[in-house]
Amino acid sequence: MDALQQDAQELAIRAENLIAQIAVARGQAADAQAKAGWVLIANPSIWQPGDRTARLDAARGQGELVLSLEHSIADIKARPHHGLGGLIQGAKDSREDKSLEEKLRSAQEELTQRYRAVVDGLEPPTGVSDADQLLVEAKQADAQVRDLTLTQAAVSSEVTRVSDEIKRRKDVESKVGFDALGLEAELKLNGIRPIETSLVLKTKEVAAVEVAATLCRFKTKTEFVGGSHGVSIPLGHGFRYRVSSFRGHPVQSEYLAHLDTGKLIVTNKRLVFLGTKREVSVPIAKLLQIEPYSDALGIAREGKETKDVYLVPNPAYVIQFLQWVISQQDQSQA
């Protein structure tokens, strides 16, 4: 899970970096187009605009507006402001200057768009070498934008996939108490990672998991219900009449008896309980049924009618290893 979260974080950073690179490339393309438009407008005798004449006229008109605003701002800044009257006039000029600056910024942005419109869809050669070079640069920047956009979309898709996987695994973990999906993927990819154990292993045997456990078995007890202990009735003169007792009818009930405490170990060959008084070793091939409980797992095996019940901290964790070992044996026998 930690590795998956690290991957998600790295992918998210990469996606953000790609977005920033796309913005830079788009800016480079727009800047090159605007400069190319300006160069063409500045060389009317070399370049033939054809049906782009209206675009050139619009750009020239916008350029004149920008120059006019720049001159007006320069005039305001050059005005002298002396004495009290100058202070009052200075405040008015400051407000006018601020208003004109805002108009100038808007007009400059519009002029950039008009310059770009001049070369929109235009392919070199135009006859103006500087403009042709700028058009090539704009085209290269546009191609970079497309490539980066495709890469960013793929990375963003991967971010979504990994984030969904993390959520799915966390949902499962909240239910079973461990990263069951991560463990399943690990077992499929790498198989059992051997652990150290006190169990003496057989040839080619490896231990997969070892947990504290209590060995239990179901037992039956008999109780008598509806019985009487009898009564003694005094008759006088030292004599008593005694009514005999009876035990009633027997009722049997089943209970879970704790037999021993120790460790439950799953290997690639056996399920083994090592207790203080008992040892139980069941070959995987002899397992008939694994029954999960909230706090235990029941094991039915060949040749034994009584089911072994093991109280363990997280039954689902042990069962997942058992199921994987069983599946491997089934595949090897197939």
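The values are calculated or read from the model by the stated rules, or taken from the named source; none is laboratory data. In this text, all values refer to a predicted model and were calculated from it rather than measured experimentally. For neighbour counting, all protein chains shown are included, and Cβ atoms are generated from backbone atoms with ideal geometry for every residue, glycine included.
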Q.
Which residue is farthest from residue 124 (Cα to Cα), if the candidates are limited to region 65-97 and must be surrounded by 11 or more Cβ atoms within 10 Å (Cβ to Cβ) and in contact with a Gly (Cβ under 9 Å, 6 or more places away or on another chain)?
A. 81
(Q) residue 144 - would you say it is at pLDDT below 90 and more than 18 Å from residue 59 (Cβ to Cβ)? (A) no
(Q) Given the condition more than 30 Å from residue 177 (Cα to Cα), in a helix (DSSP H, G or I), free of Cβ contacts under 8 Å to residues at least 60 places away in the same chain and in the same structural domain as residue 141 (by TED's automatic domain parsing), answer yes or no: does some residue in region 9-16 qualify? (A) yes
**Q.** Criterion: of a type outside the set (Phe, Trp, Tyr), over 21 Å from residue 140 (Cβ atoms), under 55 Å from the mean Cα position of the chain (by Cα) and surrounded by 15 or more Cβ atoms within 10 Å (Cβ to Cβ) - qualifying residue of 62, 33, 28
**A.** 62
Q.
Anything in region 171-187 that is in contact (Cβ under 8 Å) with a residue 60 or more places away in the chain and either more than 14 Å from the chain's Cα centre (by Cα) or over 25 Å from residue 325 (Cβ atoms) (or both)? List them, or say none.
A. 176, 177, 178, 180, 183, 184, 187
Q. Does residue 266 qualify as being touching a helix residue (DSSP H, G or I) at 6+ places or on another chain (Cβ under 7 Å), at pLDDT 95 or above and closer than 18 Å to residue 199 by Cα?
A. yes
(Q) Residues that are more than 30 Å from residue 183 (Cβ to Cβ), surrounded by 16 or more Cβ atoms within 10 Å (Cβ to Cβ) and β-branched (Val, Ile, Thr): does region 98-114 have at least one? (A) yes
